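K.L.:
Before we start, here is the structure in question, set down as C-alpha cells.
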Amino acid sequence: MNIFGYRIPMMASLLVWAVLWEIVGRLDLIFLIPPMTSIIETGVHLVQTSSWQKASIITLRSFGIGMSLAIGVGVPLGILMGRFKAVDNIMGLWVNMFVSAPLSALVPVLMILFGLGETTVVVTVFLFAVWIIVLDARAGVMQVPTSLLEMGRSYGANGWVLFTKIILLSALPEILAGIRIGLIRGVKGVVIGQILVSIIGYGELFELFSRSFEMESFWALTLILFVVAMLLSAFVETFEKRIEYYAGAR
Amino acid sequence: MQLSAIPAVQPSAPVTSNDPVVQVRSICKTYGDIEALRNIDLEFSRGKLTTLLGPSGCGKTTLLKIIAGLVPANSGEIRVNGRAVTGPGPERAFVFQDFALMPWATVMRNVAFGLELRGVNAAERKRVATRYIEEVGLAGFEEKYPHELSGGMRQRVGIARAFAVNADVLLLDEPFSAVDEQNRRKFQEDLLRLVDLEKKTFIFVTHSIEEAVYVSDRIVLLSPRPGRISQVIDPKIDRSASPDDIRRDPGYLDTVEEIWDGLRHYVD
C-alpha cells in the first residue's frame, strides 16, 4: 500500500488499530477493553505461568492428534471419492452435510459419547477439519486433466504408477489448500471444544479469566491464539506457493 | 564368417509404400446414440506422413485415439506391425493438442517421461532426452518448467517426448492448433525436417487444409457424422524446394483447391 508516495508495510494497519485500542482503553470507558499495553504486559507474564504452559501443551496435543487424524482420513477418503463413483455416492451427501453444519452444536453430544476430557476435544478438532480436506482432495483428483491421464497411459503408465506419478502430483495444490483451510478450522475446533468442555486446556483458562473478570489475561490469551492461527496458515501458504509455482501452467 | 550375418546388413523392414505399419480394419465407433465412425478401412505406409483431415465432428481425433489405444472401438481391429493391438504400446507415441505436459516437472523430466516409465536408468534417460531437446530446438531450456515456456515451445517439448521413446509410429493430434500463426509455419517446416531426419511413420490430425497439403505425403479426407473416408489424396509436390516455393507451387495450390471443393458442401 502507498500513502503520499511512502510505502506502508502490510502490518501497519494492525498498528493503527492497536493505537486506537490503547486510546479507548486509557479512556477507561468499559472494563471489557483494558489498554493494549497492559494486555501485552499481562501476556508476557501469562506465558511464564505453569498453568498457561500446561494448558498449551494439552491444547497442542489435542490439536496435533485431531489434525493428524483429519489429514490421515480426509486426504485418502477425498482421493477415493474422486476416483471411484461408488465411494462418492456413498459419502458425498454426508461430507457435504457436515462441511456446512454448525458443528459446535454437536459438541455436547460428543461430551456424552467421549466424556469430559481430551478425547472430546480431539474429536471436535477432527470434525471441524476433516470435511473441507475431503472435499478439496476430491476436487483435486477430479480436476486432473484428461489429456494428462491419456498422456500417462499412452506412454505406458497404468494403475498405481499412473496414480503416484500423475494423479497425486496433479491434485497436490488442491490437497494442500484443503489442509490449510482444515488447519484454520481445526484451531476453531480446539478452542470451541475446550471452552464447551471447559475443564481442560485453554477452555479452562478462558472460563477462569472471564468468570473472574481478568480481562487483560483474557485478551492476552485471545491474541496468542490469533497469532498462532495466522502463523500456521502462513506456514502452509508458503508450501502452497511453491507447489503453485510448478502448477502454474494449468 | 557365416552367411547368416549378411541379412543383418539389410534394413529389417523394406521401406516401400506397400508396407503398412498401421492397418485399420472396419473400425466402428459410437458414443451413445451418436455414430462417430463408420466402417473405416485404412493403411498407413511406413516412413510416410499421412494426414487425417476433415471438418470438426468428423471423428478424426477419435480415429487417432483408437489407433493410439486410448479409446476402445466398438468393432473392427487395429494392427501395428502386423499385430492386433487393444491398448497403448511402445511402438506408438502420442503428441497432444493441449501439450499434456506435467506442470511440476522440468523440460528434461517431461521429455524423458516415456523412458522413465519404461525403467530406463537416469543417465541413459538424460542422454536421450538431451539429444531430442536439442533436435526440437530447445537446448538451454532443459531445467525450465512448462509455465515458463511459450505455447510453441511447450509443444516442442511434447514432440521431443514422443521422439525420445523411439516409437515406430508418431500420432499427432492437431499439434499446432494451440500455437500462434507465425509459430505454426515455422513448426510445419520443422516437422518436415524431423520427418526427413527421423524416418518414422507419422499420422497427423488437422483441420487446416493448407497445413495438411504442406506437410503430407497422403491426405485422408473424412466426412462428418458418421465419419467415413470420403477421399484419399496424394499431393504431388516437390518437397526439396524451399518452404516459400512449396507454398507457391501450382501443385500445392491445386491440391488445396481440390480438397476445398470436396469439403465445401459439408460447411454449407
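K.L.:
Is it the case that the stretch B:29-36 has a residue that's at pLDDT 90 or above, open to solvent by less than 40 Å² (accessible area, probe 1.4 Å) and in contact with a helix residue (DSSP H, G or I) (Cβ under 9 Å, 6 or more places away or on another chain)?
P.N.:
No, the stretch B:29-36 contains no residue that is at pLDDT 90 or above, open to solvent by less than 40 Å² (accessible area, probe 1.4 Å) and in contact with a helix residue (DSSP H, G or I) (Cβ under 9 Å, 6 or more places away or on another chain).
K.L.:
Output the number of residues of the stretch B:230-255 satisfying the condition of being part of a loop (DSSP other than H, G, I, E, B) and open to solvent by 80 Å² or more (accessible area, probe 1.4 Å).
P.N.:
3
K.L.:
Would you mind stating whether B:GLY114 is under 20 Å from the mean Cα position of the chain (by Cα) and within 29 Å of B:TYR214 (Cα to Cα)?
P.N.:
In short, no.
K.L.:
On to the next question. Do you know which residues across the stretch B:47-68 are touching a Ser or Thr at 6+ places or on another chain (Cβ under 9 Å), open to solvent by 10 Å² or more (accessible area, probe 1.4 Å) and of a type outside the set (D, E, K, R)?
P.N.:
If the condition is that a residue be touching a Ser or Thr at 6+ places or on another chain (Cβ under 9 Å), open to solvent by 10 Å² or more (accessible area, probe 1.4 Å) and of a type outside the set (D, E, K, R), then B:GLY47, B:PRO55 are the ones that fit.
K.L.:
Going by the structure shown, is B:THR62 within 14 Å of another protein chain (Cβ to nearest Cβ), in contact with a Leu (Cβ under 8 Å, 6 or more places away or on another chain) and farther than 26 Å from B:LEU149 by Cβ?
P.N.:
yes
K.L.:
On to the next question. Hey, among the residues in the stretch B:109-124 that are within 10 Å of chain A (Cβ to nearest Cβ) and open to solvent by 60 Å² or more (accessible area, probe 1.4 Å), which one's nearest to A:GLY152 (Cα to Cα)?
P.N.:
B:ARG118
K.L.:
Restricting attention to the stretch B:69-108, report how many residues are open to solvent by 40 Å² or more (accessible area, probe 1.4 Å), out of contact with any Leu (no Cβ under 7 Å at 6 or more places or on another chain) and facing chain A (nearest Cβ under 7 Å).
P.N.:
Qualifying residue count for the region: 2.
K.L.:
Only one of these conditions is not met by B:PHE176: (1) touching a strand residue (DSSP E or B) at 6+ places or on another chain (Cβ under 9 Å); (2) within 14 Å of chain A (Cβ to nearest Cβ). Which number is it?
P.N.:
It fails just one condition, (2).
K.L.:
Conditions: (1) closer than 24 Å to A:MET230 by Cα; (2) out of contact with any Phe, Trp or Tyr (no Cβ under 8 Å at 6 or more places or on another chain). A:THR59 meets all but one. Number of the miss?
P.N.:
Going through (1) closer than 24 Å to A:MET230 by Cα; (2) out of contact with any Phe, Trp or Tyr (no Cβ under 8 Å at 6 or more places or on another chain) one by one, A:THR59 breaks only (2).
K.L.:
Looking only at the stretch A:109-154, which residues are surrounded by fewer than 24 Cβ atoms within 10 Å (Cβ to Cβ) and within 14 Å of chain B (Cβ to nearest Cβ)?
P.N.:
Within the stretch A:109-154, A:GLN143, A:VAL144, A:PRO145, A:THR146, A:SER147, A:LEU148, A:LEU149, A:GLU150, A:ARG153 qualify.
K.L.:
Got a number for residues in the stretch B:253-268 being among the hydroxyl-bearing types (Ser, Thr, Tyr) and in contact with a helix residue (DSSP H, G or I) (Cβ under 6 Å, 6 or more places away or on another chain)?
P.N.:
Selection size over the stretch B:253-268: 1.
K.L.:
Among the numbered criteria (1) surrounded by fewer than 19 Cβ atoms within 10 Å (Cβ to Cβ); (2) within 14 Å of chain B (Cβ to nearest Cβ); (3) touching a helix residue (DSSP H, G or I) at 6+ places or on another chain (Cβ under 7 Å), which single criterion is violated by A:ARG242?
P.N.:
(3)
K.L.:
Out of B:GLU77, B:GLU134, I need the residue that is outside the structural domain of B:PRO224 (by TED's automatic domain parsing), acidic (Asp, Glu) and either over 23 Å from B:GLU198 (Cα atoms) or over 15 Å from the mean Cα position of the chain (by Cα) (or both). Which one?
P.N.:
After ruling out the rest, the residue left standing is B:GLU134.
K.L.:
Six or more apart or on different chains, Cβ atoms under 8 Å: show the pairs whose first residue is in the stretch A:169-188 and more than 14 Å from every other protein chain (Cβ to nearest Cβ) and within 21 Å of B:LEU101 (Cβ to Cβ) and whose second is of a type outside the set (S, T, N, Q) and surrounded by fewer than 22 Cβ atoms within 10 Å (Cβ to Cβ).
P.N.:
Listed by first residue and then by second, the contacts come to nothing, as the list is empty.
K.L.:
Pull up the stretch A:164-182, narrow it to residues that are open to solvent by less than 30 Å² (accessible area, probe 1.4 Å) and over 23 Å from the mean Cα position of the chain (by Cα), then point me to the one that is farthest from A:VAL134 (Cα to Cα).
P.N.:
Step by step, filter the stretch A:164-182, then rank; the result is A:ILE166.
K.L.:
Out of all the residues in the stretch A:110-143, which are free of Cβ contacts under 8 Å to residues at least 24 places away in the same chain and not in a helix (DSSP H, G or I)?
P.N.:
Once the filter is applied, which keeps residues that are free of Cβ contacts under 8 Å to residues at least 24 places away in the same chain and not in a helix (DSSP H, G or I), the stretch A:110-143 yields only A:GLY115.
K.L.:
Which of the residues belonging to the stretch B:164-178 are at pLDDT below 90, closer than 20 Å to B:ASN81 by Cβ and within 13 Å of the chain's Cα centre (by Cα)?
P.N.:
Result: B:ALA167, B:ASP168.
K.L.:
Taking the stretch A:149-162 as the region of interest, how many residues are touching a Gly at 6+ places or on another chain (Cβ under 6 Å) and assigned to a helix (DSSP H, G or I)?
P.N.:
Final tally of qualifying residues: 1.
K.L.:
Moving on. Just to verify a result, which residue in the stretch B:125-149, among those that are more than 13 Å from every other protein chain (Cβ to nearest Cβ) and among the hydroxyl-bearing types (Ser, Thr, Tyr), is most open to solvent (accessible area, probe 1.4 Å)?
P.N.:
B:THR130
The values are calculated or read from the model by the stated rules, or taken from the named source; none is laboratory data. Since this is a predicted model, take the numbers as computed values, not measurements. Methodologically, a virtual Cβ is constructed for each residue, glycine included, from the backbone with ideal geometry; neighbour enumeration extends over all protein chains shown. Ligands, DNA and RNA are excluded from the accessible area calculation, which covers all protein heavy atoms including side chains. Shrake-Rupley method; radii C 1.70, N 1.55, O 1.52, S 1.80 Å.
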